[in-house]
Number of protein chains: 2
Amino acid sequence: MNRLHYLLPAAAAAALVLAVLACRYDGRSDERPGPVAPIYGVGLPEGYPEWPLVAPAQEAAPLDELRAVVANEVAIRAYRQGVRPFPDGSVLVKRAWKHLPSPDFAPASIPGQATTVQVMVKDARRYAATGGWGYARFIDGRPADAVQHRTCHACHASRVRDRDYVFTRLAP
Amino acid sequence: MNRLHYLLPAAAAAALVLAVLACRYDGRSDERPGPVAPIYGVGLPEGYPEWPLVAPAQEAAPLDELRAVVANEVAIRAYRQGVRPFPDGSVLVKRAWKHLPSPDFAPASIPGQATTVQVMVKDARRYAATGGWGYARFIDGRPADAVQHRTCHACHASRVRDRDYVFTRLAP
């Protein structure tokens, strides 16, 4: 055998790897560089730490978290005007942290380590099968697995279907 | 006595009332229509419900509150860049609500009725006597009394003087 016999399988393997990588990139939304969630292809929206607050929340044990939902302009306007269902382009982001006693003031608890960042994106056509919402859960900036993402919509649908599948109400 | 004898004291009383009202209006900041806090003359900043989140917090009994601190652009930039003391023009607003069990999801608590809105405004010259900060506490849109406002800086100074008198850290 000459060297070509060795090189051809290697080249084929390299092509396969490139094809797989290309497929993964196809799943990414154009506007959002960075990893996206399985199933929905939803990424971490750019600039969400600057978005206005919808409401804080607290989650008891075993999660023991402080949380805050923020929303982009489209979603905040819908919240303020009571528009439901939320219009396409609405994005909600729930940030979460471990619940930590404040070292400065005994009765207070403050955000500890960040835990998850969870995203809901409204696109009535793209996500028609899940009430118009695409979901994503990120842990340390990386999307959780498909098994976790399969649980998102079922829970929202069973509890808050009548509020366009959105748990969080605008804080008064 | 003719009618003038009755009218003069009434006119004097009316003038006094108007003068007192004018004094109260003098205490208002030019940029912020609406009532201002005693001592500091700090009002509710316009548009603060649109400001980005610094961090949520929880306050245990007896207050039993969920809270969220938001900040204007000047203050958020200082937070992000670790600039201390906060520059003039920094404004922090702490929103607070009663801590309410979620009707939709047992382990969660959500904001109930709004309780206080508390403001810190940085102006190193105007508020030189209180570390450069002016304070305000509003309840149902009305400023609390002077007695309450006299407690603000003493508590901040005794606990977080080394962090430019600011309790809330930027959530990670």
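The values are calculated or read from the model by the stated rules, or taken from the named source; none is laboratory data. Since we're looking at a predicted model, the values are computed, not measured. For neighbour counting, all protein chains shown are included, and Cβ atoms are generated from backbone atoms with ideal geometry for every residue, glycine included. What goes into the accessible areas is simple: the full protein's heavy atoms, side chains included, and nothing from ligands, DNA or RNA. Shrake-Rupley method; radii C 1.70, N 1.55, O 1.52, S 1.80 Å.
For the range B:52-66, a residue qualifies if it is open to solvent by 40 Å² or more (accessible area, probe 1.4 Å) and either touching a strand residue (DSSP E or B) at 6+ places or on another chain (Cβ under 6 Å) or modelled with pLDDT of 95 or more (or both), and exactly one does: B:64.
Residue pairs whose Cβ atoms lie under 7 Å apart, sitting 6 or more positions apart in sequence or on different chains, and linking a residue in the range B:46-73 that is more than 7 Å from chain A (Cβ to nearest Cβ) to a partner that is assigned to a loop (DSSP other than H, G, I, E, B) and among the charged types (D, E, K, R), are B:46/B:32.
Matching residues to (1) at pLDDT 95 or above; (2) open to solvent by 20 Å² or more (accessible area, probe 1.4 Å); (3) more than 28 Å from residue A:77 (Cα to Cα); (4) assigned to a strand (DSSP E or B):
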site: B:20; (1), (2), (3), (4): no, yes, yes, no
site: B:45; (1), (2), (3), (4): yes, no, no, no
site: B:85; (1), (2), (3), (4): yes, yes, yes, no
site: B:92; (1), (2), (3), (4): yes, no, no, yes
site: B:96; (1), (2), (3), (4): yes, no, no, yes
site: B:118; (1), (2), (3), (4): yes, yes, no, yes
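Filtered by the rule that a residue be charged (D, E, K, R), open to solvent by less than 50 Å² (accessible area, probe 1.4 Å) and facing chain B (nearest Cβ under 9 Å), the range A:146-172 gives a lone residue, A:163. I need the full set of residues from the range B:98-116 which are open to solvent by less than 40 Å² (accessible area, probe 1.4 Å) and not in a strand (DSSP E or B), in order please. Matches in the range B:98-116: B:102, B:104.
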